[in-house]
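What follows is a single structure, written as structure tokens, with notes after it.
Each value in this text was obtained by applying a stated rule to the coordinates, not by laboratory testing. Since this is a predicted model, take the numbers as computed values, not measurements. FYI the Cβ positions are ideal-geometry reconstructions off the backbone, even for glycines, and counts take in every protein chain you see.
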Amino acid sequence: MQSKPVVYFRYLPDADYYQTWNLQEQLLQEIVQIKLQNKNKQTPTATPNYLLFCEHPHVYTLGKNGKKEHLLLSENELERIGATFVPINRGGDITYHGKGQLVGYPILNLDHFSTDLHAYMRNLEEVIIQTLQEYTIRGYRIPKLTGVWVDVQGQPKKIAAFGVRCSHWVTMHGFAFNINTDLKYFEYIIPCGIQDKGVTSLAEVLQTSVDEVHVRNLVLQKFEQVFDCIIKYW
């Protein structure tokens, strides 16, 4: 019987975006190097998997295929609202990270799971969908629009955004789940390049502030279940 993959978990509160990005790159390269070295070994070295949860200061990130004009602020205006702008190497368009939002970065060797990026993205979405079920909220997918959506006053709004990078079947970047997020920061961008649909948060849907520690623990639990892995703290 094949054992379940182990995923090493760490929570990084108030995490600087650049430092967290660099950490992801380091962990990805660690796994990739082991994989490359294993090609010449009769007995391969086991590769680790990692999962980072964090909360960032106000920052807008733009994926490699995104459009800069989807940021609706000048540099001076960014400074005025206390936010920064970072072009990055994930897929997807522009999104926002900030207080009250849970950001998850799985750095996984997909050889341990499934070497199918489409399936990987659907599993990430499923983690959030199952978390929302714990609050009796129906989260759902919209074809051709990556993300998790909920109905707010009869209109679909995105509650979690996703964007990843994959190298040698090792992932980085991940998801952003709005919990108690200040939604006014989304007014300064065209979120994910989608102009006709809005953004919401768990707090807005429930019409009350939410215990973020409880949500974080739920997401971690659902991640372990959906990806059929064992979470260990590091």
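How tilted is helix 17-38 with respect to the longest principal axis of the chain? Cα atoms for both, answer in degrees (0 to 90, nearest 10).
20
Could you work out [θ]222 nm for the chain from helices alone, using -39500 (n - 2.57) per DSSP H run of at least four and dividing by all its residues? Round to the nearest 500 deg cm²/dmol.
Working: 5 runs with 65 residues, N = 234.
Value at 222 nm, helices only, nearest 500: -9000 deg cm²/dmol.
Using a basic spin-label model with each label point 7 Å from the Cα along Cα→Cβ, how many nm lie between K64 and S209?
If labels sit at K64 and S209, their model points lie 4.0 nm apart.
Given H placed 1.01 Å from N in the peptide plane, which residues other than close sequence neighbours of L51 have an amide H under 5 Å from its amide H?
Y8, F9, R10, I107
Which one of I31, I94, I159 has the biggest mean-square fluctuation once the chain is modelled by GNM with Cα springs under 10 Å?
In this elastic network of the chain, the residue with the biggest mean-square fluctuation among I31, I94, I159 is I31.
Evaluate E = 1/(1 + (r/R0)^6) for S114 and L12, where r is the Cβ-Cβ distance and R0 equals 25 Å; express this FRET efficiency to the nearest 0.05.
On the way: r = 27 Å, r/R0 = 1.08.
With R0 = 25 Å, the Cβ-Cβ based efficiency is 0.40.
Loop-only check: which GluC sites (Glu not before Pro) in region 85-156 are DSSP coil with at most 16 other Cβ within 10 angstrom? Intermediate results must be reported in sequence, preceding the final value.
On the way: sites: E125, E126, E134; in loops: E134.
Here the sparse-neighbourhood loop sites are E134.
Taking the Cα atoms of the chain, what is the range of coordinates along each of the three principal axes, in descending order and whole Å?
56, 40, 32
Based on the Cβ-Cβ distance from I81 to D151, what FRET efficiency comes out when R0 is 22 Å, to the nearest 0.05?
Working: r = 29 Å, r/R0 = 1.32.
That gives a FRET efficiency of 0.15.
Whats the longest run of the chain with zero trypsin sites (Lys or Arg not before Pro) that are DSSP loop and have at most 14 other Cβ atoms within 10 Å? Write down the numbers at each step before the final one.
Values: sites that count: K39, K41, K64, K67, R138, K144.
Looking at the chain, 145-234 is the longest stretch - no exposed trypsin sites (Lys or Arg not before Pro) with at most 14 other Cβ atoms within 10 Å.
Pairs of lysine in region 1-125 with Cα under 25 Å and at least 8 positions apart or on different chains: total? The partial results should precede the final answer.
Values: K4/K35; K4/K39; K4/K41; K64/K99; K67/K99; K68/K99.
Lysine pairs, 8 or more places apart or on different chains, close enough: 6.
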